[in-house]
Amino acid sequence: MKKQVLSLALSATMLASMLPKPAFAADNTSTFPDMPSDWSTQALQNAVNNGLLNGIDGKIAAGENLTRAQMAAIVTRAFGTNGKANISSFGDVNAGDWFYDAMASSVLMGAFQGDGVNLNPNANITRQEAFTVLARLFTLSGGDQSVLSSYTDGAQVADWAKDSMASMVAAGYVKGSDNVLNPLSSITRAEFAQVMDNLVKTYFADNQLNVNANGNAVLNKAGTLEGATISGDLIIGDGAAEGDVVLKDVTVSGRLLVRGGGTSTVTLGGNTTVGSIAVNKPTGAVRVKNNTQKTVNVNALSDNVVLTGDFNEVNANASQGTVTLTGADVATMNVAGTSAKVVVSEKSTVETMNVQGSASGAAVSVQSGTTVGTMNTAASKAVVTVNGTVNTMGVAGSDTTVKAEEGAKIEKITTSAANTTVSGKGSVANFEAAKGSSGADITTDGTKVVNNGTGNVTTGNDKVIASGSTGASKSDSTTPGGGGSTGGGGGSVVVSSDVVVAPMEDHAAEPNKIPSKNLCSSYSASGTVNGDVHTVKITAKNVMNHTNAAQADGHWVGFGIPAAKGNEYYAGFGSVPEKLGSPVSSIANRTYEVNGKIYNTVYFSGDTEKDYKNGAYVVVKNGDKTTTYNITFDVSFFKADVSVLTDIQVNPDKDSHKTAAALGLTAVPTGTTVTLSGTTTTDKLEATGAVKQNVYLLYVFNVKSELIKQLGGTVTPNPMPLVDLSKGGKVDGAGSMNNAALLNIQIWDNDKSSFIKKTISMELKDAAGRVQDTVELTVDATGCKIDGLHSVTFKDAVDGKDIQSISVENNGKVTQLPSDPSKKGFKFLGWYYSSAEKESKFTTETQVTADMTVYAKWVKIPASEGDTLPSADDWKLISSYTLNKDYKLTEAYEVPTGKTLVIAENVTLTVGAGKTLTVNGTISGTDAVKGTDVNLNQETVPTFSKLVENGKTKVWANNGWFEVTEQTAKTRVDGPAKDGTSNFEYGNTYTSAGVTFADNAIKVAVETTKAFLGGKDNEKAIENLTQPSGELNPDGSVKGLFFGVQFEAPGSAKKVTVYRSTGDAEAKNLGQNNAAFDLTKETVYGGADTHAGAFINYLVFAKADAEAAYIGDNTWSYTFVWQNADGGVIGVSQSTITRALAK
C-alpha cells in the first residue's frame, strides 16, 4: 500500500476482541501453524522458547483447555524435578502414559495431591485450581482478599482458593479481563502461558555470568550464578535437587525462594544481596549459607532447614518442621509452626528467640557451646532442652518443660503460666513464679526460687515453696541417674550407653560371598549419655556394597541395643519424626550375642555417602517407657585402587604399533587421566588402523583389589572380565597386572581430521555383579600433532576451552568446520582468527599456512524487553521487543521488516515534533503510540489497528480510519415475535419477567422472574422469550429466558458486521459465515435479529423453568462496523452490556 504520513497519535494495538488475525510467531521461529496473533502470542512463544510448551500434534492449540497432566508437564519443566513420588496407588495413571513421570514429579513437588483414588490427569483444570497450584509452588499467600471484591465475579471464588487467588491478584500476576476473574472456567493453554510469563521472565542455565533478569527468574539446576541482577524473585527450582547452588555477586530485589539444593548447600557469596529468603523445599533437607557481610531475613517453610552465617530474622513457620542453626548468628528467631523443632548447634548464637502461641508442642534444643540471649515461650506444651547457655527465659505457655541438662547455664526463668516444669543437672541460677502462674515444678539443684504465683512451687523430694515465699530448689533423690527412659511403669529399661557394633556380613550366595574381614577397613560403634540425650556414633570406612540377610544390597552398617521382652523399635534416617509410624518388627526378631548378653541389631544403608550426613534415629518403646537414640555416622564407601598403564606390549607381534611410544608420543597418566603430547606421522597413524577410519591405542586398566572381578559401563564387551595379564605381557616399571583389562581407546577421529579427547565410564563390579565403585578413564590427545601438518585449534572465546583441533596440510583448508556451538543468551557469529593485527573470519576457504588458533565469536543477545528502544544492531538479533516504560523519540526511528515492537499496557511511545517513526514491521500492544509524523509502512494495516488523535480513538477498517464512538443500547422495541405475533409487547413482558434495562445494564429480580415463570397466563409470553442457551449449556440442551438489546444504526447504514465477546473469550463474528447483517430486512426470530433498521441481540437472564435461579454476573462487549449498501464502512462503534442481580 502507499506510505501514509499521519500527523496524529497512532496506536497499532490489536484489539483482542476484534477480527481474527493472521498467525505469526513473536520471534518468527515458531513452526506452529496455529500460533495466534493476539495478546497471548508473546507469552506462548516465550513458553515454547523456554521449553515449557511442546505443542499437541504439531499445533500450539492455544485455545484448548489445559489439562492437569499438561499443567504437571509445564511446571516440572519450569522448576525441574527432584525425583518422583510413588503414584501407583492412583487408579487413573499407568507407567506407560506420556504424563506419568510428570504427574509423579508434580505430586512429589506438592503441585498435585489427587482425591485419594484418582489424579484425574486428563481433566480440565479451572482457573482457580490452576492459580492455587501456582501460588503453592511460588509460595504466595497472605494476599488481601478484599482485592477479589473489585471483580464482578469475585464472590464465585471458592473459600479454599481465596487466599491463593487474592495473593496472585495482589502480586499482579493475575489481572482478569473486563473486570471478571472467571474462577470456575477452565483455563486455556494460552491463558496459562500468559500467567507463567507473568510469573517468570527468565530461566537461567547453570554457571551463567553477568546476566540481568527483568522480573522473576528461575534457576532449576545446581551450579553457580555470578554477577546477575534480578529485579523480582529468584527461585532455586526443584531441579537443583541435592546439589550445590552458589550465588556470587548476585542482586535479587525480591525474594530468594529455595525449592532445591542439598545440605551442602545454597551459598550466598561475594557481594550478593537478596530482599529476603523463603525456604520451601518439598522433600529433604536444604542448607542455606550466608557468606556475605549482610544479614538477611529467612522464612523457613519446609520440613528440614539448616542455616549457617549471619541472619537478621529467622521465622520457623513449618508445622512439624525442623530448623537447625549451625555456626549461625541470628538477631531474632520466631518459632510459629505447630510442633516445630529448633536446634541451636555448633557455636550458634541467637539474641532473641520467640516461641509463639501458635507453636504448640514445639521443641527447642540449645546445644553445648551455643548461646540464646533471651527466650520467650508462649506456646503450650513446649519442650526446651538446654545444654548450652540461655541468659533469660520467659514462659507464658502452659505445660512448658525446661530441661537444663548437664553443662547448661540458665541465668533466670520467669513463668506466668500454669504447670511449668524445670529439671536436669544443669545450672539454673534463678526461677520466678510470677503473678498468674500455678503448678510450677523445679528439680534443678540450688536454684533460687521466688514464688509470686498462685499455690505452691514443688521441688525435689516433694518439698514445696509456698506462694509469697522464697527458697532454693532441690533435685529429686529418687530420680535414677544415667538412664535415658521417660515415664514410669513396668518393662525393661534400655541403657543407652550399652551399645555394640552390629556384625557386618555378606549373605550373597557362594562363591560370590565377600569375607566379612574384607567388607570394610575399620568398623565401630560407641554410645554416650548426656542427660536424656542418647548419642551413638557409627564409624565404618571403605564399606563395600554387600547383601544383607533379607537379600537386599547396600552399604549396611549398624549397632546393637540390649534386647528386652516387649521392646518395640522405630528407626529411620534423619531426626525423629512427630509421628513414628509402625514399628520395625525385624529389629526385635534379630539377635546378636556379645559376652553372654543378647542385643537387637539395627542396620542402615544409604545409596551415597551423603545419605548418612543427616544422621538417623532409633526409638525404643517398652510399656510406658521410651528411649531415643540419635545416631551420627562417619561412613565412607569402598574406593578401588586403580592405575592406568601405558606403553603396553601384551602381544608385540600384533599390537606393538598401538602404543604411544610407537607413535612417537608421550603418555603421562595422572590418576585415571592419560594426557598425550608430541608429534607423530601419518604413516604411524595408519599402522594403528585396527579400525579403518579411527585410531585406537591400547591401555591396561589395572585394579589392585582382588574383590573386583569385572567392568561394566561403557566398556566393550560389557561386562568385561578382569584377567591376569602379568604373564602374557611386558610393561616397563608397571608392576603387577594380575587383575586388569586391556582397553582400546580412540585418540583420532578420521572424519574430523583431529586428535580427540575420549572418556569411558566404568563400573567396577564384584563376582556377584554388584557395583562397588565407578571410575571414568579419560585419554586426552588434543595436544598432539602430525608431522608436516598444521593444527587448527578451535576455542571458545568466552571461557577459552578447546572445542576441536583439526590437522591440515600446508596451504590446505579445513573442509568441515566444527558444529556451531550454542550458548544461552548469546548468538554465535562464526569462527574468527587474528592476523596482521586484524580480526578475520575463518571459513572453509581460509588457507592454512601455520598452526592457528580459531575462536568462536559471540554477541550477547539483547534483552527482549526494557525501558528504551532497541538499536538497529539490536533488531538484527531479536525479532520482538516489549517497551515497558513511557518513552519519547528524539530522532527518527524504524521498526524493521519482520520485527515486532510491543507497547506494554499503560505505556506510551511518543514521537517528538518533527521526528518520524517508520513501521516496516509490526507494532502491537494494549495502549498507544503518539506523535506528529508516523509512517505506517506495512503492506497492509492490520484491521482494527487503533489510532489516537487529539484524545479521540480511530480504528482502521476498509483502508480507512474511523472514529470509534460509544453506543448505548435500548430495550428491544415491540415487534414480530417467535409465535407469529406481529407486534409483541416486549417491554411490558420484560418488566413482568423481572428484568429492567438502563445505561447498558441488565438488572434481574429473581423472585419476580420465578413468579413470572409460574404464572399460568404467561405461557405464551414465556415461549416468545425462550430459546436454547449456549451459556447455560454449550450443547443447547438447556433453555433460557432472553432479553433483547437493540442497537440503532447510523442514518445511512444498510449493513453491520458485529463482533461480540463474553468475559475472557475471544470475540466472535455473530453473522452466519461471518457475513454482515442486512439492516434492510426483517428477521422474525433468532439469536440476532434486525428490525426497523436496527440490530437486536438476545442475552440470557434466567433458566426457562419455574425453579430458575440467578445465573451470575456477566459482561458482553460489542464492536459494530456499520456499512453502506455496497459494504463500505461508514462508522465503528463499541458497546458493553452488563448483567447483574437487582438490589
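Values quoted throughout were computed directly from the atomic coordinates according to the rules given, and no laboratory measurement underlies them. Just so we're clear, the structure is a prediction, and the values are computed from it rather than from any experiment. Reconstructed Cβ throughout: ideal geometry from the backbone, glycine too, with neighbour counts over all protein chains shown.
Brief remarks follow.
- Evaluated over region 1049-1143, the Cα radius of gyration and Dmax, each in Å: 15.1, 48
- Ranked Asp115, Asp874, criterion: other C-beta atoms within 10 Å, fewest first: Asp115, Asp874
- In a DSSP loop and with at most 10 other Cβ atoms within 10 Å, there are no trypsin sites (Lys or Arg not before Pro) in region 165-268.
- For the chain, a crude dipole built from +1 on the beta carbon of Lys and Arg and -1 on the beta carbon of Asp and Glu, taken about the Cα centre, is about 860 debye to the nearest 20.
- Which of Tyr1059, Pro976, Asn1073, positive extreme of dipole for region 964-1123 (C-beta unit charges): Asn1073
- Debye-sum result for region 285-398 in log10 I(q)/I(0), which assumes one identical scatterer on each alpha carbon, at q = 0.12, 0.21, 0.24 Å⁻¹: -0.33, -1.08, -1.42
- P(r) tail for region 77-187: Cα pairs beyond 24 Å make up 32% of the total.
- Partner aspartates and glutamates whose Cα lies under 19 Å from the Cα of Lys59, excluding those fewer than 8 positions away in the same chain, are identified as Asp27, Asp34, Asp38, Glu191, Glu1066.
- Each label was represented as a point 7 Å from its Cα along the Cα-to-Cβ direction; for Lys541 and Asn1124 these points are 10.1 nm apart.
- Its relative contact order, with pairs defined as Cα atoms under 8 Å and 6+ residues apart, puts the chain at 7 percent.
- Contour excess over end-to-end distance, with Cα ends at Ser526 and Asp974 and 0.36 nm allotted per residue: 151.5 nm
- Options Pro511, Val501, Ala549, ranked by Cα towards positive dipole end of region 500-637, top entry (Cβ charges): Val501
- Sparsely packed chymotrypsin sites (Phe, Trp or Tyr not before Pro) within region 55-144, loop by DSSP, other Cβ within 10 Å at most 12: Trp98
- For region 169-297, the spread of Cα coordinates along the three principal axes comes to 48, 28, 26 Å, biggest extent given first.
- Trypsin sites (Lys or Arg not before Pro) restricted to DSSP loop in region 527-577 with at most 12 other C-beta within 10 Å: Lys565
- Distance between the 7 Å Cα→Cβ label points at Asn738 and Asp641: 1.4 nm.
- Order of Ile235, Ile56 under a 10 Å beta carbon neighbour criterion, fewest first: Ile56, Ile235
- One quarter of the convex hull surface built on the alpha carbon atoms of region 500-637 amounts to 8.9 nm², the projected area averaged over directions.
- Kirkwood-based shape ratio for the chain, expressed as Rg/Rh from alpha carbons: 1.06
- With the simple spin-label model, which puts each label point 7 Å out from Cα in the Cβ direction, the Ser467 to Asn750 separation comes to 10.2 nm.
- Plainly put, region 333-385 has a radius of gyration that is 0.95 times its Kirkwood radius, both from alpha-carbon atoms, as the Rg/Rh ratio.
- Per residue, the convex hull around the alpha carbon atoms of region 970-1141 comes to 114 Å³.
- Toward the positive end of the charge dipole of region 500-637, with +1 on the Cβ of Lys and Arg and -1 on the Cβ of Asp and Glu, the farthest Cα among Gly596, Val584, Ser522 is that of Gly596.
- Among the listed pairs Lys517/Lys765; Lys765/Lys801; Lys201/Lys281; Lys381/Lys474; Lys970/Lys1068, those with a Cα-Cα distance over 29 Å are Lys765/Lys801.
- Rg and Dmax of region 789-860, both derived from C-alpha coordinates alone, stand at 11.9, 37 Å.
- Among Lys597, Lys684, sorting on how many other beta-carbon atoms sit within 10 Å of each Cβ, with the fewest leading, yields Lys597, Lys684.
- Each stretch of four or more DSSP H residues adds -39500 (n - 2.57); spread over every residue of the chain, this sum gives -2500 deg cm²/dmol at 222 nm.
- Reachable lysines from Lys1081, criterion Cα separation under 16 angstrom, eight or more residues apart if same chain: Lys1054, Lys1055
- Sites Thr716 and Thr679 - FRET efficiency at Förster radius 30 Å, r taken between beta-carbons, to 0.05: 0.50
- Region 500-637: relative contact order in percent, alpha carbon pairs under 8 Å with at least 6 residues between: 27
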